[in-house]
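Below: one structure, written as structure tokens.
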Amino acid sequence: MPPPSVLPSAPRRVLLAHGVPGLADALGGAVPGLQVRERRPAEIAAADLEWAEALVGFRRPTTDGWGNVRWIHSIGAGVDAFLFRTGLPASILVTRSSEDFGPSIGEYVLARVLAVTQHLAHFAGAQRERRWAPRDPESPGGSRALVLGTGLVGQGVARALLAIGVRCDGLSRSGRPVAPFGRVGTLDRFDELVRGARWLVLAAPLTEATWRLLDRDRLARCGGAYLINVGRGGLVEEAALPEALDAGWLAGAALDVFEQEPLDPGSPLWGRADVTCSPHIAGITSREGALEGFLDCHAALARGERPRWAVDREAGY
């Protein structure tokens, strides 16, 4: 889908749909004359969208239509909430946050790797039972990770793992070499690069090209890797995960994202000892990061320029 042929003017009325404390006041104070209306996504009414010229937030409203909105600025790590199978009109400009979520998401992945090699779940269970249950920790150094997605998030993951001696290969749409990865390939090299990998990290954006990238067939070829998903739930065929774990295709999984969020209380993933679930907290948007990206894009529109953080609608990110 091509970008809008006519850029919107810098907005005067902004609808803020988010959960970042203090952002509304920060926006209003940074741009003279800017009017900011704050709503939770589920509370947004058609009248709010008719009032707004721009929408700033993490996800699309539940209301049908887009009213007078001509610019959407995503303050999360991805833009799939606005672009993936939403039918968003091509006339609406979409921009993304300038914030680099790689360091914080890298810390999350590092914590999950160390939790496995230090047997934290085992010792926590033994403590609850007041049971002395020695188990020697492992060293992750010398193991290898395959990271699906070599953008800022994937690079942050690789840097965190390299710091403890985990070698990192990557898969991307282009397959172009990028630091700090060793080998980088396209998806057709999945079987080659996943072979022997101890860790399989999903850090790609959700697009039509990546939806269920890790389907049942690819799960069956993972060779006992430990899955860590910090990208989007739709990157993996979630219903096939219990089978993949039972069959040994995966050694375990740490999941921060799910196909439907919140994760249904009836999901079998909750009760598995080999799965760690967290509520989409690996990369938290900061007030400063959200503000900086918006102001950069707003200033570009005021100059009549296409913002550098404009999303490639064809690629989906």
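Condition first: open to solvent by less than 10 Å² (accessible area, probe 1.4 Å) and part of a loop (DSSP other than H, G, I, E, B). Now tell me which residues in the stretch 205-229 satisfy that. Correct list: C222 only.
Please go through the stretch 233-264 and pick out each residue that is under 19 Å from A204 (Cα atoms) and part of a loop (DSSP other than H, G, I, E, B). E237, D256, V257, F258, E259, Q260, E261 - these are the residues of the stretch 233-264 that are under 19 Å from A204 (Cα atoms) and part of a loop (DSSP other than H, G, I, E, B). Within the stretch 286-310, the set of residues being touching a helix residue (DSSP H, G or I) at 6+ places or on another chain (Cβ under 9 Å), over 11 Å from W71 (Cβ atoms) and hydrophobic (A, V, I, L, M, F, W, C) comprises A290, L291, L295, W309.
S267 meets each of the listed conditions (1) assigned to a loop (DSSP other than H, G, I, E, B); (2) in contact (Cβ under 8 Å) with a residue 60 or more places away in the chain; (3) crowded, with 17+ Cβ neighbours inside 10 Å apart from (2).
Per the conditions (1) more than 20 Å from the chain's Cα centre (by Cα); (2) open to solvent by less than 30 Å² (accessible area, probe 1.4 Å), the sole criterion not satisfied by V257 is (1).
Only a single item in (1) aliphatic (A, V, I, L, M); (2) touching a strand residue (DSSP E or B) at 6+ places or on another chain (Cβ under 9 Å); (3) at pLDDT below 95 is not met by M1, and it is number (2). The set of residues from the stretch 233-254 being surrounded by 12 or more Cβ atoms within 10 Å (Cβ to Cβ), more than 19 Å from I105 (Cα to Cα) and of a type outside the set (G, A, S) comprises E237, E238, L241, P242, E243, L245, W249, L250.
Taking the numbered list (1) closer than 18 Å to G316 by Cα; (2) open to solvent by 30 Å² or more (accessible area, probe 1.4 Å) in turn, T95 passes all entries but (2). Of the set (1) within 26 Å of A203 (Cα to Cα); (2) touching a Pro at 6+ places or on another chain (Cβ under 8 Å), all apply to A77 but (2).
Which is within 18 Å of V56 (Cα to Cα) and within 20 Å of the chain's Cα centre (by Cα), of A300, A310? It is A310.
Residue-wise test of (1) crowded, with 16+ Cβ neighbours inside 10 Å; (2) part of a loop (DSSP other than H, G, I, E, B).
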site: G271; (1), (2): no, yes
site: I281; (1), (2): no, yes
site: L291; (1), (2): yes, no
site: E305; (1), (2): no, yes
site: Y317; (1), (2): yes, yes
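If you go through the stretch 52-97 and pick out every residue that is touching a strand residue (DSSP E or B) at 6+ places or on another chain (Cβ under 8 Å) and acidic (D, E), you end up with 1.
The condition of being modelled with pLDDT under 95 and more than 25 Å from L114 (Cα to Cα) holds for only one of R308, R303, R313, that being R313.
The values are calculated or read from the model by the stated rules, or taken from the named source; none is laboratory data. The shown structure was predicted, so the numbers you read here are calculated from the model rather than taken from an experiment. Virtual Cβ from ideal backbone geometry, glycine too; neighbours counted across all protein chains shown. When the accessible area is computed, the model is the full protein with side chains, heavy atoms only, and any ligands, DNA or RNA have been set aside. Shrake-Rupley method; radii C 1.70, N 1.55, O 1.52, S 1.80 Å.
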